[in-house]
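Here is the structure we will look at.
What follows draws every value from the coordinates through simple rules; no lab data is involved. Keep in mind that what you see is a predicted model, and the values were worked out from it rather than measured. Positions of Cβ are backbone-derived with ideal geometry, glycine not excepted, and every protein chain shown enters the neighbour counts.
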Amino acid sequence: MVHEETRDGWTISNDAARFDLARAHDRIAGESYWAFNIPIDVFSRAVEHGLIVGICAVDSEPGSHSETTRWSSRRFTTSTMNAG
């Protein structure tokens, strides 16, 4: 079920259609110590079975380049129960 809320100029959503998988993979596979060089298919399965939540500025148009940039590359915060 998709949940989305807008407040104070920001929208937070778990809508997978708004998630840029390729950009997220580039960032995680290239910059994290715990998933460095993770293959895209493994990352894709993890995303498919995880809870993905993103935040973007309200003034950005859905589907536009500015919306995609703000949505997927501003900052990644990850959380897992398995990290040691």
Got a sec to turn the phi values of region 15-22 into Karplus ³J(HN,Hα) couplings, 6.51 cos²θ - 1.76 cosθ + 1.60 with θ = phi - 60°, whole Hz, x for Gly and Pro?
-> 6, 4, 5, 8, 8, 8, 4, 4
Tabulate in residue order the Karplus-calculated ³J(HN,Hα) for region 26-36, using 6.51 cos²θ - 1.76 cosθ + 1.60 with θ = phi - 60°, rounded to whole Hz; enter x for Gly and Pro.
-> 4, 5, 5, 5, x, 10, 8, 7, 8, 9, 4
Amide H contacts under 5 Å for W10, placed H, 5+ residues apart = V58
From the backbone phi of region 45-50, what are the Karplus-calculated ³J(HN,Hα) couplings (6.51 cos²θ - 1.76 cosθ + 1.60, θ = phi - 60°) in whole Hz, Gly and Pro given as x?
-> 5, 5, 5, 4, 9, x
Provide the packing ranking of 43-51, 2-10, i.e. peptides ordered by the mean count of other C-beta atoms within 10 Å per residue, highest first.
-> 43-51, 2-10
